[in-house]
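Participant: Starting off with a structure, shown below.
Laboratory data are not the source of any read-out in this text; all were calculated from the coordinates shown. Treat the numbers as computed from the prediction; the structure is a model and nothing was measured. Cβ atoms come from the backbone with ideal geometry, glycine included; neighbour counts cover every protein chain shown.
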Amino acid sequence: MTNDTPQIIAAFVGAGAIGLGLVSLLVILTFAFSRVAMIEEKISRPGTSALEHRKVWGNDPLGRLMRSSYVFTFLVLRSLPSNRLKRSAAQIGDVSTRLPVRLSLWGLLPPLCLFGCFIVVLITGLFL
């Protein structure tokens with residue numbers, strides 16, 4: 001084992017995280033976005049920001065990423081036990097809406113993978 005072994009391992013882990021992050025970004029922008037739009041329709045009610053985000057960000061790639069991030073934030077905040085966080089989720093959409101588990105997973109897993117890969121790239125950057 002040489003002195004460069006940790007750096008080589010970090011480089012391969014970082015490259016793998018970049019690759020997996022790009023794949024999850026591609027999934028968010030293509031396959032998962034139709035499900036994210038369905039979640040937006042289900043949680044939207046008058047006075048919530050889910051309807052406004054759709055108008056502001058549109059349907060281009062950056063808009064799809066932002067809308068997916070808002071849905072991800074809503075699903076995470078809604079599931080946490082704090083009442084304060086549930087009130088924040090209520091500003092985005094209706095927290096009492098029942099969503100199928102498969103639909104929720106399409107809104108949670110691809111962004112979670114993307115954000116996790118970003119964190120891994122940042123950590124491996126410390127070793128290089």
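Participant: So for the stretch 48-66 (the condition being crowded, with 16+ Cβ neighbours inside 10 Å, in contact (Cβ under 8 Å) with a residue 12 or more places away in the chain and aromatic (Phe, Trp, Tyr)), does at least one residue qualify?
Facilitator: no
Participant: Are there any pairs with C-beta distances below 7 angstrom linking a residue in the stretch 11-22 that is closer than 9 Å to THR124 by Cβ to a residue that is exposed (fewer than 14 other Cβ atoms within 10 Å of the Cβ), with the two at least 6 apart or on different chains, and if so which?
Facilitator: Taking only residues 6 or more apart or on different chains, the pairs are ALA11/LEU128; GLY14/GLY125.
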